[in-house]
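Since the structure comes first, as structure tokens, the remarks are kept for the end.
The values are calculated or read from the model by the stated rules, or taken from the named source; none is laboratory data. Treat the numbers as computed from the prediction; the structure is a model and nothing was measured. In this analysis, Cβ positions are derived from the backbone assuming ideal geometry, glycine residues included, and neighbour counts consider all displayed protein chains.
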Amino acid sequence: MSNIIPINRLNKFFSQNDFDIEVQLGREYIEGDINMRVILYQIDRETSMVDDLYGESGKHDIRYKVPVELSVIVTLSEPDNKVYNEGSGSLRYLQDGQLRFGVYDSQLKELGADITYGDYIGYVVSEREIRYFSVVNDGSKNYDNAHTIFGYKGAFRTIICAPVDNDEFSSI
Amino acid sequence: MCALPKNYRKNLNILPKKYGPEQREQLLDNIMDNGTYLPKGVSLEDLDSAFIDFVKKDLEIVIDGEKIPVIFLTLQRWVEFTKTWEFTGKHKDIKIPFITIVRKPDTQPGTNQQSLWNTATRLTYTYYKVPTFDGVRKGVDVYKIPQPTAIDMLYEVRIFCNKMVDLNKMQFKINQIFRSRQFYINPNGHPMPIVLDTSGDESPINDFENRRFYVQLFEMRLMGYILDSDEFEVIPAKNRALLIYEVERNVRKPMVKIKSDKDTSLISYNLIFKPLSDTTFTTIAEFDIKFVEIIGLININSLIITVNSNIVTTPFVVTSGDEITFTISKPAQLESRFTLNGKLL
């Protein structure tokens, strides 16, 4: 069992209780007011089937844990007009922009979930369509100033995701 | 630890090694080892697998009693964790030191033995002949394979470490392994050379304000080939009729036996053409003779007699000194003969 180190910084005017209140206020805003959601598909790395040599897997070989709905603040970048044949300018496609969202640590903890590099995120873009993304930065090191509350402790994470093809992952 | 003087080695391999033709035979045997009379096919996966084994075994580095992990990297993000989870910390960041292998996705045309024009079709060539016996007739099955397709595979091997001592271990091994330019690996038993193309340093050691560690890049080229086992063939050898011609080097000369009787003045030329003998015989008349009949023709298809180059028929007269020539046609393998009877004049 690791030792617990008390955090005493800012202790003249900020404490764990203050931290918790700030988090609750923030979560009330995200979960109660704006109510934007993404679906987290955590890869079950123990039961997923991978190729012995390359470690690759098809979309039907990936096993994931029970999907979890997260209330987050979403920023979805504008789709990018691209071509497969760089240089010849042919075979155009429209690539989804990066998906970024902020999520409170406490929410993940309550749901017993964690977001790690490579997990998949589904974002419902219309009544009939879900776009999928892969986590490229799980923001697990959230003790920088921007992700703490007054520098007291990390409170939320910024997750950055890249779009994936449907042949890599699809929940349906 | 490494700065200490080296001790005597106690695990020298004293088993004799094969050299020359014996070694070549062994290499061929290895190709079929634990298999059929055909070699095993070679796919790109086999080449990758053999290369990874080469890095894991032949470039094995041990630091502080632990082997440096070797990680083969591909595109899928989450899969990366399945390869690195043993060596990661709380935030799932892999810990230095480690070795990575990245295969350049493109395979290049082979530069080993085949890089110019080649056979245009996928012909198969005899690889092995296996004697067969169907209970009646002995035969041979011919095992045929196509010419392998030479390809070059380019690999980037990087070592990430924090200490020069660890880097030295890797460089020492690399230099030792490639001291005679190439190192052979055996994907599915097929020997193929790896050469060291370049080595370079990618260490961010000049950046004083960021994390510093050593990164050494070794670009290696596997000069291999691929072989599609679906193109292998096993066919029975053709039955061949064996035709033999015997040729006599020394042509036999026909023989003539001359019998004469002074009392009756009768004379006979008995000509004998042995098998494979010349079919023309010339003699000089020693007397004046009138030949009257030809008898006892055996195995003779035709007969032409000339006297001084003039064709004659019986009866005919020759004088002493005339040149008499007999030309026959006959079965080559049989003895032929006839008798020419006449009377001395």
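Among the residues making up segment A:52-77, those that are more than 20 Å from residue A:166 (Cβ to Cβ) and either polar (S, T, N, Q) or not in a loop (DSSP other than H, G, I, E, B) (or both) are A:68, A:69, A:70, A:71, A:73, A:74, A:75. Against the condition surrounded by fewer than 17 Cβ atoms within 10 Å (Cβ to Cβ) and either in a helix (DSSP H, G or I) or at pLDDT below 95 (or both), how does residue A:29 come out, does it pass? The answer is yes for residue A:29. Hey, among the residues in segment A:54-75 that are facing chain B (nearest Cβ under 10 Å) and surrounded by 17 or more Cβ atoms within 10 Å (Cβ to Cβ), which one's farthest from the chain's Cα centre (by Cα)? Ranking the qualifying residues of segment A:54-75, first place goes to A:54. When restricted to residues that are within 14 Å of chain A (Cβ to nearest Cβ) and part of a loop (DSSP other than H, G, I, E, B), segment B:90-142 contains 5.
Answer yes or no as to whether residue A:153 is more than 14 Å from every other protein chain (Cβ to nearest Cβ) and of a type in the set (D, E, K, R). Here the answer is yes, as residue A:153 does meet what is asked.
Among the residues examined, residue B:27 does not qualify as assigned to a loop (DSSP other than H, G, I, E, B), away from chain A (no Cβ under 11 Å) and either in contact (Cβ under 8 Å) with a residue 12 or more places away in the chain or touching a Phe, Trp or Tyr at 6+ places or on another chain (Cβ under 8 Å) (or both). Taken over segment B:244-286, residues that are part of a loop (DSSP other than H, G, I, E, B) and under 17 Å from residue B:307 (Cα atoms) amount to 3. Of all the residues in segment A:133-150, those that are away from chain B (no Cβ under 12 Å) and of a type in the set (Ser, Thr, Tyr) number 1.
Among the residues of segment A:95-106, at least one is at pLDDT 90 or above and part of a helix (DSSP H, G or I). Among the residues of segment B:310-342, those identified as under 13 Å from residue B:284 (Cβ atoms) and part of a loop (DSSP other than H, G, I, E, B) are B:319, B:320, B:321, B:322. Regarding residue A:20, is this residue among the acidic types (Asp, Glu), exposed (fewer than 14 other Cβ atoms within 10 Å of the Cβ) and under 30 Å from residue B:53 (Cα atoms)? For residue A:20, the condition - among the acidic types (Asp, Glu), exposed (fewer than 14 other Cβ atoms within 10 Å of the Cβ) and under 30 Å from residue B:53 (Cα atoms) - is not met. Within the span defined as segment A:38-53, one or more residues are away from every other protein chain (no Cβ under 14 Å) and modelled with pLDDT of 95 or more.
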